[in-house]
């Protein structure tokens, strides 16, 4: 699964399950949801039946998320090595380690990985949104920025001729 909204829906489903299951059955209940989610991904496996990614079933389009059982719960809590979802928020170091692991799996070099962090994701979103023609107001609605000046610090365009006025007028 590569659809971020689907991943969000599934994560919220897991949190809701963990929050509402009886404490003595919490792990088993969460594992049941994980197995069901994994089986859902196998329904249209491109390697098995030739279905394209766009043909996958998107839970983001059909699922209705229940209200959080605990509205004060962090959206990204820490998860113990045994799979137990904790009540404390994920630390900045944990976010960095997750990004580092994924970057290694994607084939990034050690030098590139050292430059990545949580803000890299935010900066990447802002930069790509501007490249695709989104205006500052649209981006600020998504990121929660209140100031255009701060938003601009996240726009990390290092290619001077990309989205430049000079190239727009054909010079």
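Spin-label pair residue 102-residue 11: with each label point 7 Å from Cα along the Cα-Cβ axis, the two points sit 0.8 nm from one another.
Report, to the nearest 10°, how far helix 4-20 tilts away from the longest principal axis of the Cα atoms in the chain, using its own Cα long axis and a range of 0 to 90°. Taking the Cα atoms of the chain, the angle to 4-20 is about 30 degrees. Taking the C-alpha atoms only, the angle from helix 92-105 to the longest principal axis of the chain is near 80 degrees.
Set against the labelled values (1) 1.28; (2) 1.09; (3) 1.68, Cα Rg over 2.2 N^0.38 Å computed from this structure falls on (1). Placing a label point 7 Å from the Cα of residue 155 along the Cα-to-Cβ line, the residues of the range 114-130 whose backbone N sits under 13 Å from it are 126-130.
Nearest 10 degrees, 0 to 90: what angle lies between the long axis of helix 26-42 and the longest principal axis of the chain (Cα atoms)? It is inclined by approximately 60 degrees. FRET efficiency for residue 131 and residue 29, Cβ-Cβ distance as r, R0 = 30 Å, nearest 0.05? Computed FRET efficiency for residue 131 and residue 29: 0.10. Cβ-Cβ distance of residue 95 and residue 138, R₀ of 22 Å, FRET efficiency by 1/(1 + (r/R0)^6): the value works out to about 0.30.
Coordinate-derived values only; no laboratory data. On a predicted model such as this, the values are computed, not experimentally measured, just so you know. With ideal geometry, Cβ positions are generated from the backbone for all residues, glycine too; neighbour counts draw on all protein chains shown.
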